[in-house]
Amino acid sequence: MQITTTRSSNPVSDERLAEILANPGFGVHFTDHMFTVEWTPDAGWHDARIEPYGPLSLDPATAVLHYAQETFEGMKAYRHEDGSVWSFRPEENAARMERSSHRLALPVLPVEDFVQAVQALVEIDQRWVPEAAGEKSLYLRPFMFASEAFLGVRPSQHVTFMVIASPAGSYFKGGVKPVSLWLTEEYTRAGRGGMGAAKTGGNYASSLVAQQEASSHGCDQVVFLDAQEGTYVEELGGMNMYFVYADGRIVTPETGTILEGITRSSIIELAGKMGHQVEERKFAIEEWKQGVASGEIVEIFACGTAAVVTPVGSLKWDGGEVGTPEGGDELWKRIRQELVDVQFGRAEDGFGWMKQLV
Ligand SMILES: Cc1ncc(COP(=O)(O)O)c(C=O)c1O
């Protein structure tokens with residue numbers, strides 16, 4: 001892919017950047033540049049470019065604003081001790097976007113072009129990658145959307161893929177605290193044949209009211225069950241789940257309608273190497289309730305790019321509650337440490353997960 005570059009004539013000053021990186025928050029500050037490439041049926045992917053970060057001018061009839069034909073990804077760039085910058089399994093994000101694109105009738109951006117786009121943006125904005133201390137990173141948001149101005153309901157004949165980047169602070173600022181969960185019995189995230197396995201905005205739009213329900217019950221996050229039977233645990237609004245048994249087995253839900261996280265699949269490999277039997281299967285909500293009550297389940301954790309791994313505390317639902325599992329030896333913490341150490345270049349990358357960007 002041939003990329004043309006127009007450098008920003010007004011980059012953020014070093015002083016302001018230092019202030020931002022000292023306390024980046026999440027998703028509020030954006031780097032000096034952005035990457036864009038366009039697609040049409042005749043020309044394919046074309047006009048790849050890096051330009052100064054700034055607002056888009058969109059026709060009010062732009063298809064994505066009406067029919068939500070879009071996909072996105074979430075990943076990070078990590079600075080290592082020697083100053084180099086790396087990302088974690090970027091080809092997996094590219095492959096997931098390819099699967100999402102199929103589901104959303106969007107064109108496929110080749111894996112190597114996706115990775116090249118991410119690398120080009122991180123390279124030009126490398127001063128925005130925070131120092132490794134405190135688990136700060138540069139969050140990367142590749143996204144693809146229907147950019148044709150047309151109100152007919154059909155796949156867009158003009159598509160835009162972009163990458164933007166935003167420095168991110170540690171997820172656990174005030175120390176690790178188990179997340180409390182709300183089990184929604186009213187709303188579901190994804191049905192059979194739907195878009196659950198795709199990373200597309202509509203899934204997040206539909207999760208917001210359930211998240212509001214969770215907050216109104218004093219819970220941090222919401223747990224979704226399968227849409228067909230309301231029996232099987234799927235995932236949280238933005239993280240996958242793991243259940244740890246007293247005998248060392250660990251179970252992660254697999255229903256065909258969850259978003260298969262890259263953290264989730266990395267943990268399958270890592271926990272296997274650590275000697276745990278890993279089961280990917282349907283996991284009934286009753287197994288959760290009974291397993292914690294009986295002491296068979298000793299630990300529950302959630303995982304995703306943002307938090308890496310976070311312990312799960314109590315689960316509440318309309319009319320009931322099950323407490324925080326007890327008796328585990330903090331497997332979540334060892335898995336988290338191992339992943340974070342690989343990401344920041346402090347542990348050997350035995351699986352070949354890291355890709356150097358700069
Ligand atoms: C719905 C949902 N499930 C799971 C995940 C975890 O995926 P990953 O580990 O690739 O970040 C995410 C985060 O991207 C998510 O939004």
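The values are calculated or read from the model by the stated rules, or taken from the named source; none is laboratory data. Since we're looking at a predicted model, the values are computed, not measured. Using ideal geometry, Cβ is built from the backbone for each residue, glycine included, and neighbour counts are taken over all protein chains shown. Ligands, DNA and RNA are excluded from the accessible area calculation, which covers all protein heavy atoms including side chains. Shrake-Rupley method; radii C 1.70, N 1.55, O 1.52, S 1.80 Å.
Here are some notes:
- Each residue in segment 315-334 was checked for being within 23 Å of the chain's Cα centre (by Cα) and over 17 Å from residue 175 (Cα atoms), and 2 of them qualify.
- Considering residues of segment 303-330 that are in contact with a helix residue (DSSP H, G or I) (Cβ under 6 Å, 6 or more places away or on another chain) and part of a strand (DSSP E or B) only, the residue surrounded by the most Cβ atoms within 10 Å (Cβ to Cβ): 303
- Those residues of segment 69-87 which are under 23 Å from residue 196 (Cα atoms), within 16 Å of the ligand (Cβ to nearest atom) and of a type outside the set (Lys, Arg), in sequence order: 70, 71, 72, 73, 74, 75
Rundown of residues vs (1) within 18 Å of the chain's Cα centre (by Cα); (2) within 16 Å of the ligand (Cβ to nearest atom), yes/no style:
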| site | (1), (2) |
| --- | --- |
| 174 | no, no |
| 195 | yes, yes |
| 201 | yes, yes |
| 212 | no, no |
| 271 | no, yes |
| 286 | no, no |
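- One residue stands out among those in segment 243-259 that are part of a strand (DSSP E or B) and either of a type in the set (A, V, I, L, M) or not assigned by TED's automatic domain parsing to the domain that holds residue 307 (or both): the one that is farthest from the ligand (Cβ to nearest atom), which is 244.
- The numbered conditions (1) open to solvent by 60 Å² or more (accessible area, probe 1.4 Å); (2) more than 16 Å from the ligand (Cβ to nearest atom); (3) at pLDDT 95 or above; (4) touching a helix residue (DSSP H, G or I) at 6+ places or on another chain (Cβ under 9 Å) are all true for residue 217 except (4).
- The strands (runs of 3 or more DSSP E) found entirely in segment 1-70 that carry 1 or more residues being more than 28 Å from the chain's Cα centre (by Cα) and loosely packed, with under 14 Cβ neighbours inside 10 Å are 3-5.
- In a residue-by-residue description of segment 90-98, the property of being in contact (Cβ under 8 Å) with a residue 40 or more places away in the chain, more than 16 Å from the ligand (Cβ to nearest atom) and surrounded by fewer than 16 Cβ atoms within 10 Å (Cβ to Cβ) applies to no position.
- Any hit, segment 231-242, residues being surrounded by fewer than 17 Cβ atoms within 10 Å (Cβ to Cβ), of a type in the set (A, V, I, L, M) and either free of Cβ contacts under 8 Å to residues at least 24 places away in the same chain or more than 12 Å from the ligand (Cβ to nearest atom) (or both): no
- Among the candidates 312, 308, residue that is modelled with pLDDT of 95 or more, on the phi > 0 side of the Ramachandran plot and within 15 Å of the ligand (Cβ to nearest atom): 308
- For segment 134-160, a residue qualifies if it is closer than 18 Å to residue 124 by Cα and open to solvent by less than 20 Å² (accessible area, probe 1.4 Å), and the qualifying residues are 137, 138, 140, 142.
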